[in-house]
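J.: Let me begin by handing over the structure; questions about it come next.
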Amino acid sequence: MRAPGGPRLLLRRLREVMAEPVTAQARLDRIVVLIASNMVAEVCSLYVSRADGPLELFATEGLNREAVHQTTMRPGEGLVGLIAATAEALALSDAQNHPAFSYKPETGEEIYQSFLGVPVLRGGATLGVLVVQNRARRTYSEEEIEALQTTAMLLAEMIASGELQGLAGQPSAVAVRKAVALKGAPIAEGLGLGHVVLHQPRVVVSKIVADDVGAELARLETAIEAMRASVDEMIDRSDDGAEGEHRDVLEAFRMIAHDRGWLRRLREAVTSGLTAEAAVERVQNDARAKLQRQTDPYLRDRLHDLTDIANRLLHQLAGQSLVLKPEELPDNAILVARSMSPAALLDYDRSRLRGLVLEEAGAASHIAIVARALGVPAVSDIANISDIVEQGDALIVDGVTGEVHVLPPPEVQAAYAEKARLRARKQDQYRALRDTPATTLDGAPIGLHMNAGLLIDMPHLSETGAQSIGLFRTELQFMLASRFPRLDSQETLYAAVLDAAGDKPVTFRTLDIGGDKRLPYMTSHEEENPALGWRAVRIGLDKPALLRIQMRAMLRAAAGRKLRLMLPMVATVDEFRRGRGLLEREVAFLAQLGRIPPVSIQLGAMLEVPSLLWQLDEIARAADFLSVGSNDLMQYLYAVDRDNKRVADRFDTMSPGFLRALRRIAEVGERGLTPVALCGEIGGRPLEAMTLMALGFRDLSMSATAIGPIKAMTLSLPLAPVRADVLALLEQNGEGDSLREPLREIAERHGVRL
Ligand code: PEP
Ligand code: MG
């Protein structure tokens, strides 16, 4: 059966009703009558979501009028609740036999057999459910379902406008938006309270009904053409190796932009009377519902791509720029995006950023590294966050626990404001320690150094009072670039780092790529086991040009100053010697050119491959210093992939096996063979750092945020008695999986502030 007059006529009539100067309830009552008659249905009812949870009957034609504002359904209850929960249309010719059917006697609906209900959607939220019912058994056509969905869009606008507030039967607001608490993965520490800024702002579609369908179709076609051209242009740019999206994402974009099914549905929606913008939104509502249910990661990605393309089309139609201009940023912005490139994050004014929430980004991803360097609290793995929030929503990001609160209620806001105050007080205490030397309670000097990788890390050096940059991860520059950084850009960076460090030393680590750190522009072979594959110094020795250019850049940058550099992932003493050979050639080359050399050059080895544990004396004699990469050393000693969530925390770093290995390494330093430092994550954790000091480590390099807490711990540490206890524990207690608890007891016994 076809609706008389079709959706176009209905939309036009509805628009007239919308403009009438009557009360909101009267308007709703007229609307349901109009829909029922247009759809040749005996019943049309509108249920609206209330802020306190249930869906309430707000208007009906055909059911008992007394039930309006009385009948409610919980989300998930009955057919209406099912539609709200799934955000999907439901058409039934025999509704009462559906397992979800729930009988509400006050409505008098038992005489109606056929049922068609659609969700009232706006953005990612379900604001209500619109239903038509027929007494006779009948099958609703695709066209009718579409028409009802289109009509629901107008109602969504009406609900979102706030016009229905105050109508609900209970003293509860209409749930235009609800507070939501979500949990994701913390990727950058800190606490942020602020307001949502969508990295890719959505276009708010306010005009739903078209004045002139022909003109609207033409607008749609023009926008599609322009959008396709912009995708093609992005692909061309990516061929040049310019910054931007990854090639396969772009190819997926291109496919969608030419997808016939999608384009047909857009055109049909416009033909039914919608504006081009509303048509995109209408088709997108279905994709969103699918996305929410989709668990297959590949299909999710494709649906996300579809969302991106739809967003591009909307911006094209609205004539708006796709990305927010940095100057439009409010001063307490929490950026929300599906994903974001590090370069995009760096474009924002840091002083206005309070946090970052992403749908996808690993803790080891580049964006996480940049967020940490900028000190922006960040949480990832929050599914559909960019659909859930709207521009300007109040939001809280907890980069410690991974919690994200959208539209937090006052009590949650107050609790977090208190938490933020406590944190700030602690930070103040740490800041006050900045110029206090890190000396244990019994007078042993400890070197606290900072890990860095970007120029934006450098101000932390003086802010934290760290003694030096103990690890500068040079690969970050390579990872952020779209092609191999040339000699001069490497030299510029290293010189700027040395300038920023002033008289504090910097230990540069040569390129540590491969494994999980891939360079998109470097052809790499699929490896079964990348962590055990062609990586770090192995690449450097096999492709000496790469390593030599980097060494040359460092030598030039350090002209007339001290240069410290170290090689990552060294597995044998011979590898180290070959690395030194390359450095010596570069030094000689520099001299030939008559360039000013560094005043001193020290070449160290990172100790992160267990094979060196049995060549400790030899590597100590060959290298000018050693630095333990405890992250990798743990990974290789225990055969656990550090990035694999299922196993990464299976073994404790405070286990007898690992601690005994560390003790042997520390002894090398104590015997005066060569200086030994440690630059893995454990150096930045108080209990671990106490243990390391007890084992004999005197120099620890850590993230900037850890310096304060570790210094506070150090100042409270009576090293000699703690050391005696820790060494005794390690000797006597070799069987357990973890010594964490007894170590904690030692700390407590000696009053160490953890
Ligand atoms: C380590 O492995 O401990 C280390 C400091 O290097 P990265 O974390 O960069 O591998
Ligand atoms: Mg490492």
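The values are calculated or read from the model by the stated rules, or taken from the named source; none is laboratory data. Keep in mind it's a predicted model, so treat the numbers as computed, not measured. Glycine gets a Cβ as well: all are built from the backbone with ideal geometry, and neighbour counts include every protein chain shown. For accessibility, only protein heavy atoms count, side chains too; no ligands or nucleic acids. Shrake-Rupley method; radii C 1.70, N 1.55, O 1.52, S 1.80 Å.
J.: Might you report the magnitude of the Cβ-based charge dipole of segment 438-749 about its Cα centre, with Lys and Arg at +1 and Asp and Glu at -1, to the nearest 20 debye? Could you put the intermediate results ahead of the total?
T.: Working: 37 positive and 39 negative charges, 202 e Å.
For segment 438-749, the charge dipole is close to 960 debye.
J.: What is the dipole size for the chain, taken about its Cα centre, with +1 at each Lys and Arg Cβ and -1 at each Asp and Glu Cβ, in debye to the nearest 20? Let's see the in-between values first.
T.: On the way: 87 positive and 100 negative charges, 280 e Å.
Approximately 1340 debye in magnitude.
J.: Which net charge results when you count Lys and Arg as +1 and Asp and Glu as -1 among the other residues whose beta-carbon is under 9 Å from that of E88? Mind dumping the intermediate values first?
T.: On the way: positive: K290, R293; negative: D286.
It works out to a net charge of +1.
J.: Could you tell me whether segment 6-160 comes out rounded, prolate or oblate from its Cα gyration tensor? Rule is a ≥ b ≥ c as square roots of the eigenvalues, rounded for a/c under 1.5, then prolate if a/b exceeds b/c, otherwise oblate.
T.: Working: a/c = 1.35, a/b = 1.18, b/c = 1.14.
Rounded shape, in that the Cα axes give a/c under 1.5.
J.: Counting pairs on different chains as well as pairs 8 or more places apart, how many Lys pairs in the chain have Cα atoms under 27 Å apart?
T.: Qualifying lysine pairs in the chain: 20.
J.: Working from the alpha-carbon coordinates of segment 438-749, get Rg over Rh, Rh being the Kirkwood radius. Mind dumping the intermediate values first?
T.: Working: Rg = 19.4 Å, Rh = 20.1 Å.
Rounded to two decimals, Rg over Rh is 0.96.
J.: What FRET efficiency comes out for D649 versus K183 if R0 is 22 angstrom and r is the Cβ-Cβ distance? Round to the nearest 0.05. Walk me through the numbers before you get to the answer.
T.: Numbers: r = 17 Å, r/R0 = 0.79.
It comes to 0.80.
J.: A588 to L613: extension gain in nm, 0.36 nm per residue of separation minus the Cα-Cα distance?
T.: Working: separation 25, 0.36 × 25 = 9.00 nm, distance 3.24 nm.
Stretched fully, the A588-L613 segment lengthens by 5.8 nm.
J.: Which cross-chain or sequence-distant (5 or more) residues have an amide H under 5 Å from the amide H of L519, H modelled 1.01 Å from N in plane?
T.: HN-HN under 5 Å from L519: G514.
J.: Another question, then. Rounded, prolate or oblate: which one fits segment 486-532, using the alpha carbon gyration tensor with axes a ≥ b ≥ c (rounded when a/c is under 1.5, else prolate when a/b beats b/c, else oblate)? Provide the component values of the computation, followed by the final result.
T.: Values: a/c = 5.16, a/b = 2.17, b/c = 2.38.
Since a/c reaches 1.5 but b/c is at least a/b, the shape of segment 486-532 is classed as oblate.
J.: Let a ≥ b ≥ c be the square roots of the eigenvalues of the Cα gyration tensor of segment 656-707; is it rounded (a/c under 1.5), or, if not, prolate (a/b larger than b/c) or oblate? Show your work: numbers first, answer last.
T.: Working: a/c = 2.34, a/b = 1.44, b/c = 1.63.
Oblate shape, in that a/c is at least 1.5 and b/c is the bigger or equal ratio.
J.: Let me ask something else about it. Restricting to bridges with both residues inside the chain, how much of the DSSP beta-bridge set is antiparallel, in percent to the nearest 5?
T.: Working: 45 of 83 bridges.
Percentage antiparallel, nearest 5: 55.
J.: Could you work out [θ]222 nm for the chain from helices alone, using -39500 (n - 2.57) per DSSP H run of at least four and dividing by all its residues? Round to the nearest 500 deg cm²/dmol.
T.: When only DSSP H runs of four or more count, the value is -14000 deg cm²/dmol.
J.: Within 10 Å, count the other beta carbons around each residue, average over each peptide in 665-671, 193-199, and list them highest first. Mind showing how you got there, number by number?
T.: Working: 665-671: 17.3, 193-199: 21.0.
Ranking the peptides 665-671, 193-199 by packing returns 193-199, 665-671.
J.: What fraction, in whole percent, of alpha-carbon pairs in the chain exceed 53 Å separation? Before the final figure, lay out each step's value.
T.: On the way: 75566 of 283881 pairs.
Percentage above 53 Å: 27.
J.: Report, to the nearest whole %, how much of the accessible area of the chain belongs to carbon and sulfur atoms, 1.4 Å probe, protein only.
T.: On the way: 16690 of 32210 Å².
C and S fraction of accessible area: 52 percent.
J.: How much accessible area per residue does segment 270-382 have, in Å², with a 1.4 Å probe?
T.: Result: 36 Å² per residue.
J.: Turning to a different aspect of this structure: Tell me the accessible surface of S206 in square angstrom (1.4 angstrom probe, heavy atoms of protein chains only), to the nearest ten.
T.: Roughly 90 Å² of S206 is accessible to a 1.4 Å probe.
J.: Pop a pseudo-label 7 angstrom from the Cα along the beta-carbon direction at both A218 and D428 and give the gap in nm to one decimal.
T.: Roughly 6.5 nm, to one decimal.
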